[in-house]
Amino acid sequence: MTSTASKAPQRADARKNIEKITRAAVECLGRDPDASLGQIAQTAGVGRVTLYGHFPSRELLVEAALVRALADGDEVLETVDLTCEPRQALRSLIEASWQLTAQASTILQAAQATMSPARIHDLHAKPEQRVNDLIRRGQAEGAFRTDLPADWLASTMHHVMKGAAADITAARLDRSNAAHFIAEVILSAYAPPTNQGD
């Protein structure tokens, strides 16, 4: 008969393996969106049977990797001061978000190949809310245009970041310039038109 004490280490080992596999998935998919489950298992230092025991499908593992990447990114974004003047706060957020977007771009590619758009959107709800809240504050304070919805402005920023990541991959943009270029384009796009408030 198995005792409760003997089950506890198994649960701890399972948690440790899940952590190792998830971290390995972030690492492997961060390099190659088509990384195989075998490659991920090898990077994690576990057998394929162990990997499949915790993640029976590629979709589940890719989702776990995306969730982990977003959680890691959220820890970074929580340190960004968004209480200062809205344009400066947006610049700081873009600089921090850009690094995370660049790092997670191939993980997102893997997610788009296996997960539904609705699920991916749901997982991005918190970072999207952070951007939307800042834009709405900027609109209320007259720093950002109010003739376009905050959701649309936030979506524009997202697309510019994705475009920058694609340009870097295609060697059309130097990575060191990306954050500055994105910030300048977005801040210009968000600027109130001269007739705002008339």
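Just wondering, is there one or more residues in segment 159-182 that are among the charged types (D, E, K, R) and under 19 Å from LEU77 (Cα atoms)?
Within segment 159-182 (the criterion being among the charged types (D, E, K, R) and under 19 Å from LEU77 (Cα atoms)), the answer is yes, since at least one residue qualifies.
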Query raised in the report: Do we find that ALA189 is surrounded by fewer than 17 Cβ atoms within 10 Å (Cβ to Cβ), in a helix (DSSP H, G or I) and of a type outside the set (D, E, K, R) in this structure?
Result: yes
Requested in this report: Just give me the residues in segment 44-59 being within 25 Å of HIS124 (Cβ to Cβ) and surrounded by 13 or more Cβ atoms within 10 Å (Cβ to Cβ), in sequence order.
Outcome: HIS54, PHE55, ARG58, GLU59
Query raised in the report: Looking at this structure, is SER155 loosely packed, with under 12 Cβ neighbours inside 10 Å and among the small types (Gly, Ala, Ser)?
Result: no
Report summary line: Expected single match for under 27 Å from GLU27 (Cα atoms), surrounded by 15 or more Cβ atoms within 10 Å (Cβ to Cβ) and at pLDDT 90 or above among ALA89, ALA110 is ALA110
Report task. With the condition kept exactly as written, say whether any residue in segment 135-143 is open to solvent by less than 80 Å² (accessible area, probe 1.4 Å) and either aromatic (Phe, Trp, Tyr) or within 26 Å of GLN109 (Cβ to Cβ) (or both). Result -> no
Query raised in the report: Conditions: (1) touching a residue at least 40 places away in the same chain (Cβ under 8 Å); (2) touching a helix residue (DSSP H, G or I) at 6+ places or on another chain (Cβ under 9 Å). ASP147 meets all but one. Number of the miss?
Result: (2)
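Can you pull out the residues in segment 168-180 that are surrounded by fewer than 16 Cβ atoms within 10 Å (Cβ to Cβ) and not in a loop (DSSP other than H, G, I, E, B)?
Going residue by residue through segment 168-180, those that are surrounded by fewer than 16 Cβ atoms within 10 Å (Cβ to Cβ) are 169-172, 174-177, 180.
If the condition is that a residue be surrounded by fewer than 16 Cβ atoms within 10 Å (Cβ to Cβ) and not in a loop (DSSP other than H, G, I, E, B), then THR169, ARG175, SER176, ASN177, HIS180 are the ones that fit.
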Query raised in the report: Quick check: anything in segment 30-40 open to solvent by less than 50 Å² (accessible area, probe 1.4 Å) and under 24 Å from HIS159 (Cβ atoms)?
Result: yes
Requested in this report: Output the residues belonging to segment 61-82 that are open to solvent by 60 Å² or more (accessible area, probe 1.4 Å) and either within 13 Å of ILE107 (Cα to Cα) or modelled with pLDDT of 95 or more (or both).
Outcome: VAL67
Query raised in the report: When both residues are 6+ apart or on different chains and their Cβ atoms are under 9 Å apart, which pairs have a first residue that lies in segment 169-181 and is polar (S, T, N, Q), and a second that is not in a loop (DSSP other than H, G, I, E, B)?
Result: THR169/SER105
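The values are calculated or read from the model by the stated rules, or taken from the named source; none is laboratory data. Not measured: the values here are computed from a predicted model. No Cβ is skipped: glycine too gets one built from the backbone with ideal geometry, and neighbour counts run over all protein chains shown. Side chains included, ligands, DNA and RNA excluded: accessible areas come from the protein's heavy atoms. Shrake-Rupley method; radii C 1.70, N 1.55, O 1.52, S 1.80 Å.
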